[in-house]
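Engineer: Have a look at this one before I ask anything.
The values are calculated or read from the model by the stated rules, or taken from the named source; none is laboratory data. In this text the structure is predicted, and so the values were computed from the model without any measurement. Glycine also receives a Cβ, built like all others from the backbone with ideal geometry; neighbour counts cover every protein chain displayed.
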Amino acid sequence: MRAKEYSVTQVLIGTHRVGLVGLRGCLQMVGRSDLEDKDAIIGLMMEELSRSNFIPDTRAEEYRAAVWREYLRSRGEDFSEFYSELPVVLRGGSDEERDRLDRMITSALAKHELRPAMTVVRAAEEDLELVLEIDGEVVVRGLPTLDGLRKAVRHRLSDW
């Protein structure tokens with residue numbers, strides 16, 4: 001590979017941004033191949049990327065999903081099915097409020113190529129306030145506007 005093919009590309013592995021060396025060159029190599037099978041494409045990319053990058057065995061599946069997502073992105077295809085999941089808890093509130101906040105958080109996280117791994121905790125009679133937690137931290141209380149939720153999500157993600 002030429003030196004420019006060893007550039008570093010930031011990708012989302014799970015919920016962490018990681019720099020992958022040679023991803024662009026790897027995508028070009030796969031584009032020139034006659035491979036069509038998803039597993040074969042991912043296998044070739046993982047093999048090639050592992051030459052220049054440390055890929056922990058414990059995170060291999062997250063890397064495989066990220067590599068496939070980048071392959072689909074390079075082809076201009078929809079890759080939203082392969083967004084990384086983020087633990088989200090909705091506590092309290094009415095069914096209508098939780099449904100509305102569920103739609104809003106799904107939209108807000110999609111801007112960051114994340115999707116919620118949602119847990120819903122119904123309100124006890126003494127706890128009617130709606131609360132949204134991301135990765136164990138309270139992000140909002142009550143039903144925010146979509147803009148307010150997007151700001152809160154951006155702030156929470158920047159804390160990582």
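Engineer: May I ask you to list the residues in region 1-29 that are farther than 18 Å from L72 by Cβ and modelled with pLDDT under 90?
Structural biologist: M1, R2, A3, K4, E5, Y6, S7, T15, H16, R17
Engineer: Hey, does region 113-131 have a residue that's among the hydrophobic types (A, V, I, L, M, F, W, C), within 29 Å of K38 (Cα to Cα) and in contact with a Phe, Trp or Tyr (Cβ under 6 Å, 6 or more places away or on another chain)?
Structural biologist: Yes - at least one qualifying residue is present in region 113-131.
Engineer: Please specify each residue of region 86-111 satisfying the condition of being touching a residue at least 40 places away in the same chain (Cβ under 8 Å), touching a Ser or Thr at 6+ places or on another chain (Cβ under 9 Å) and closer than 22 Å to E62 by Cβ.
Structural biologist: L86, P87, V88, V89
Engineer: Give region 116-147 a look and list any residue that's surrounded by fewer than 14 Cβ atoms within 10 Å (Cβ to Cβ), touching a strand residue (DSSP E or B) at 6+ places or on another chain (Cβ under 8 Å) and more than 13 Å from P87 (Cα to Cα), or say none.
Structural biologist: Once the filter is applied, which keeps residues that are surrounded by fewer than 14 Cβ atoms within 10 Å (Cβ to Cβ), touching a strand residue (DSSP E or B) at 6+ places or on another chain (Cβ under 8 Å) and more than 13 Å from P87 (Cα to Cα), region 116-147 yields D127, E129, R141.
Engineer: Would you confirm, using the coordinates I've provided, whether R59 is in the same structural domain as V30 (by TED's automatic domain parsing) and at negative phi?
Structural biologist: Judged against the criteria, R59 is a match.
Engineer: If I filter region 72-97 down to residues being out of contact with any helix residue (DSSP H, G or I) (no Cβ under 6 Å at 6 or more places or on another chain) and small (G, A, S), which single residue comes out as surrounded by the most Cβ atoms within 10 Å (Cβ to Cβ)?
Structural biologist: Among those residues, the one meeting the criterion is G93.
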